[in-house]
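Undergrad: This is the structure, below, for whatever I ask next.
Readers should treat all values here as calculations from the given coordinates under stated rules, not as data from a laboratory. All figures in this text were calculated on a predicted structure; none of them were measured in a lab. Here Cβ is always computed from backbone atoms with ideal geometry, including for glycine, and neighbour counts include all displayed protein chains.
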Amino acid sequence: MEQTLDISILGLIIGLLLMAIPLYFFRKYKTGLVRSTIVATLRMIVQLVLIGLYLKYLFQYDLWYVNLLWGIIMCVVATVTCVQRTNIKRSILMVPVAVGFFTTALFISIYFLALVLRLHESMNINLSLNLLFSARYFIPIFGLLLGNMLGVNVLALTTYYEGIQRERQMYDYMLGNGATRAEATAPFLSAAIHKSFIPCIANMMVMGIVALPGTMIGQILGGSDPNIAIKYQMMIVVITFVASIISLMATVSLANRRSFDRYGRLIEVFGK
Amino acid sequence: MLKISHLSLSYGSKEVLHDISFHLQRGEIGGVRGESGCGKTSLLRAVMGFERFSQGTIEVDGVSLTADTIDSIRQRIAYMPQELSLPSPTIWEMVRLPFSFKANRGKVLTEELLRKEWEWLGLGAHLQGHSPYSVSVGQRQRIMLSVCGLLGKPLIVIDEPTSALDEESTRLVARYLRMLSSERGTTILMVTHSHSLAETCDKVLQL
């Protein structure tokens, strides 16, 4: 395998200069996005540098419980971000999203590392906590899953609750004609799943032809064999897709217990 | 069949219903009338368990309405809100929706039964394949009313079934409701502004 080609500081600066182009258009058309784009870019740089430093130590010591703790921190940040973006009350969504994200990401990560990647067989050692939660494998996979679950959950949860609120007459009609709460919310959940998964499915449709995915490109640029990169990419798409629906189902089923009263009426869900 | 006793209902500090009592026996038609904003729809929604009342009791078929009994009470009711449109591809799908619920699995719905019901209401069988958005509001109201009839529940709760109907169609609706009450023993509680429909009622609650 070839050595990963490093990017110099000068190269990074030249790369970042490209951001001047979107900033130019954002300003020209008075989109109001200039300031937030600059802040987001600076935050990204600072955060990645700090995480890079942190990961260096995390990889160096590589203790399973520290790595798992890091996973929990990532999960907390993803949960807070998800709740903020949906604009749904923290008291309703915080715990369901946290539980949904953490259990799903943990289950899928372990499934992938132990059964798909078969780390223990590749390394010819026994399966252990140290291996399953090793920094090199566990943290990138866990983070990747959280990132994808975040996008899908934000879109789906917003669509779901907005739908019930907007179509209250339809929801009441179903409840009033004998539907269980699960039956009355099913059309809204269906619409939410449809809306949030359409982009994922469309992306899968054109993968490799129109869209060359980041994980694969990263691996190839990093010196991996393209055949290996393709296999990784395939599995990454599958596990992120599966994790997104499992986490959504877990989140909605837990959130439903907090967002409806004992008469089946949707309580005020939007707000702080 | 329906017993509303000393019911009061408030939205914040504004009391919209105060000490309302109204009873309907099996097979009776009860009308609720009054000016806009007087609480007619709120009363119906309270019977459905959609609004919380501050005082009083509601009993359906001898069962007092509480959070523990609301599911079984709703299974005894067919409900039609005002000017409802469902996002179904065809009217047949729209009609079929409540029959897909577990609570209504025993209820039979066939095109023939629907056609017979629609004859009462002056609707043509050809409408079944149409989109719900391609028919008039008045036609949709009558279609939804036929669903209430077909569900065969002991109590029907309807909000303004004739708000978009002309005199002739209102007369057909009145005749249909009378048939449901006299031949099938259905109890009906409805909000109405229509004089001719109010004349069909056995009892009228003026708010």
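Undergrad: How big is the convex hull of the Cα atoms of chain A, per residue, in Å³?
TA: Spread over its residues, the Cα hull of chain A gives 175 Å³ apiece.
Undergrad: Rounding to the nearest 20 debye, state how big the charge dipole of segment B:109-150 is about its Cα centre with +1 on each Lys and Arg Cβ and -1 on each Asp and Glu Cβ.
TA: 140 debye
Undergrad: Would you mind computing the Rg to Rh ratio of segment B:91-207 from its alpha-carbon coordinates, Kirkwood style for Rh?
TA: 0.95
Undergrad: Further, regarding this structure: For segment A:151-219, evaluate the Debye formula with one uniform point scatterer on each Cα (no solvent term) and list log10 I(q)/I(0) at q = 0.13 Å⁻¹, rounded to two decimals.
TA: -0.51
Undergrad: Can you compute 3J(HN,Hα) from phi for each residue in segment A:207-224, using the Karplus curve 6.51 cos²θ - 1.76 cosθ + 1.60 with θ = phi - 60°, rounded to whole Hz and x for Gly and Pro?
TA: My calculation for segment A:207-224 gives 5, x, 9, 8, 9, 9, x, x, 4, 5, 4, x, 5, 5, 5, x, x, 6 Hz in order.
Undergrad: Rounded to the nearest 500, what is the 222 nm mean residue ellipticity of chain A from helices alone, with -39500 (n - 2.57) per DSSP H run of 4+ residues and division by all residues?
TA: Taken over chain A, the calculation gives -25500 deg cm²/dmol.
Undergrad: Then there's this: Relative contact order for segment A:1-143: what percent, with Cα pairs under 8 Å and sequence separation of 6 or more?
TA: Normalised by residue count, the contact order of segment A:1-143 is 25 percent.
Undergrad: While we're on this one: Quick one: work out Rg over Rh on the C-alpha atoms of segment A:33-99, Rh as Kirkwood radius.
TA: 1.08
Undergrad: Would you kindly work out the equivalent ellipsoid of segment A:94-172 from its C-alpha gyration tensor and give its semi-axes, the square roots of five times the eigenvalues, largest first in whole Å?
TA: 38, 10, 10
Undergrad: Where does each of A:Leu55, A:Leu146 land when they are ranked from fewest to most other beta-carbon atoms within 10 angstrom?
TA: Ordered by Cβ neighbours within 10 Å, fewest first: A:Leu55, A:Leu146.
Undergrad: Could you sort out which of B:Lys3/B:Lys40; B:Lys153/B:Lys203; A:Lys195/B:Lys153; B:Lys3/B:Lys153; B:Lys40/B:Lys153 sit more than 27 Å apart by Cα distance in this structure?
TA: With Cα atoms farther than 27 Å apart: A:Lys195/B:Lys153.
Undergrad: Per residue of A:257-263, how many C-beta atoms from partner chains lie within 10 Å of its own C-beta, taken as a mean?
TA: Mean partner shielding for this stretch: 3.
Undergrad: When the Cα atoms of segment A:1-115 are enclosed in a convex hull and the volume is divided per residue, what value in Å³ results?
TA: Once divided by residue count, the hull of segment A:1-115 is 179 Å³.
Undergrad: On to the next question. Can you return the aspartates and glutamates within cross-link range of B:Lys102? Criterion is Cα-Cα under 19 Å, with same-chain partners fewer than 8 residues away left out.
TA: The reachable aspartates and glutamates, counting only those whose Cα sits under 19 Å from B:Lys102, are A:Asp172, A:Glu183, B:Asp68, B:Asp71, B:Glu93.
Undergrad: A further question follows. Averaged over peptide B:98-104, how many Cβ atoms belonging to another chain are found within 10 Å of each residue's Cβ?
TA: 5
Undergrad: Output the antiparallel fraction of DSSP beta bridges having both residues in the protein assembly as shown, as a percent to the nearest 5.
TA: Within the protein assembly as shown, antiparallel bridges account for around 45 percent of the total.
Undergrad: Which order, highest average first, do B:10-18, A:113-121, B:189-197 follow once you tally other Cβ atoms within 10 Å for each residue and take the mean per peptide?
TA: Highest to lowest by the protection proxy: B:189-197, A:113-121, B:10-18.
Undergrad: Something else about it: For each of A:Tyr57, A:Tyr263, A:Tyr171, count neighbouring Cβ atoms within 10 Å of the residue's Cβ, then give the residues from fewest to most.
TA: So the ranking, lowest neighbour count to highest, is A:Tyr57, A:Tyr263, A:Tyr171.
Undergrad: Using 5 Å bins from zero, what percent of all Cα-Cα pairs in segment B:75-136 falls into each bin?
TA: 4, 15, 24, 28, 22, 7, 0
Undergrad: Mind checking which lysines have their C-alpha under 19 Å from A:Lys28, skipping anything on the same chain fewer than 8 residues away?
TA: none
Undergrad: For segment A:121-253, what mean projected area does the convex hull of the alpha carbons give, in nm²?
TA: Averaged projected hull area, Cα only: 10.8 nm².
Undergrad: Still on this structure, please answer the following. Please turn the phi angles of segment B:99-115 into ³J(HN,Hα) values with the Karplus equation 6.51 cos²θ - 1.76 cosθ + 1.60 (θ = phi - 60°), one per residue in order, whole Hz, x for glycine and proline.
TA: My calculation for segment B:99-115 gives 6, 8, 6, 3, 5, 10, 4, x, 7, 9, 10, 10, 4, 5, 4, 5, 4 Hz in order.
Undergrad: A further question on this structure: With 10 angstrom as the radius, rank A:Tyr173, B:Tyr133, A:Tyr232 by how many other C-beta atoms surround their C-beta, starting from the fewest.
TA: The most exposed by this proxy come first: B:Tyr133, A:Tyr232, A:Tyr173.
Undergrad: So for segment B:10-98, what are the equivalent ellipsoid semi-axes in whole Å, largest first, each being the square root of 5 times an eigenvalue of the Cα gyration tensor?
TA: Ellipsoid half-lengths, sorted descending, are 25, 18, 14 Å.
Undergrad: Across 10 Å bins from 0, what is the distribution of all Cα-Cα pair distances for chain B, in whole percents?
TA: With a bin width of 10 Å, the distribution comes to 8, 36, 37, 17, 2, 0.
Undergrad: What number, rounded to the nearest 500 deg cm²/dmol, is the helix-based mean residue ellipticity at 222 nm of chain B, given -39500 (n - 2.57) per DSSP H run of at least four residues and division by all its residues?
TA: -9500 deg cm²/dmol
Undergrad: Kirkwood hydrodynamic radius of the protein assembly as shown from all distinct Cα pairs, in Å?
TA: 26.7 Å
Undergrad: Please enumerate, by chain and number, the lysines with C-alpha under 19 Å from the C-alpha of A:Lys89, excluding those fewer than 8 residues away in the same chain.
TA: A:Lys272
Undergrad: What is the average number of partner chain Cβ atoms found within 10 Å of a Cβ in A:177-190?
TA: Other-chain Cβ atoms within 10 Å of each residue's Cβ, averaged: 5.
Undergrad: Quick one: Karplus J couplings for segment B:153-167, per residue in order, coefficients 6.51, -1.76, 1.60, θ = phi - 60°, nearest Hz, x for Gly and Pro?
TA: Karplus values, whole Hz, x for Gly and Pro: 7, x, 10, 10, 10, 10, 9, 6, x, 10, 4, 10, 10, 7, 4.
Undergrad: Between segment B:19-69 and segment A:210-244, how far is it from one alpha carbon centroid to the other, in angstrom?
TA: Rounded to whole Å, the Cα centres lie 60 Å apart.
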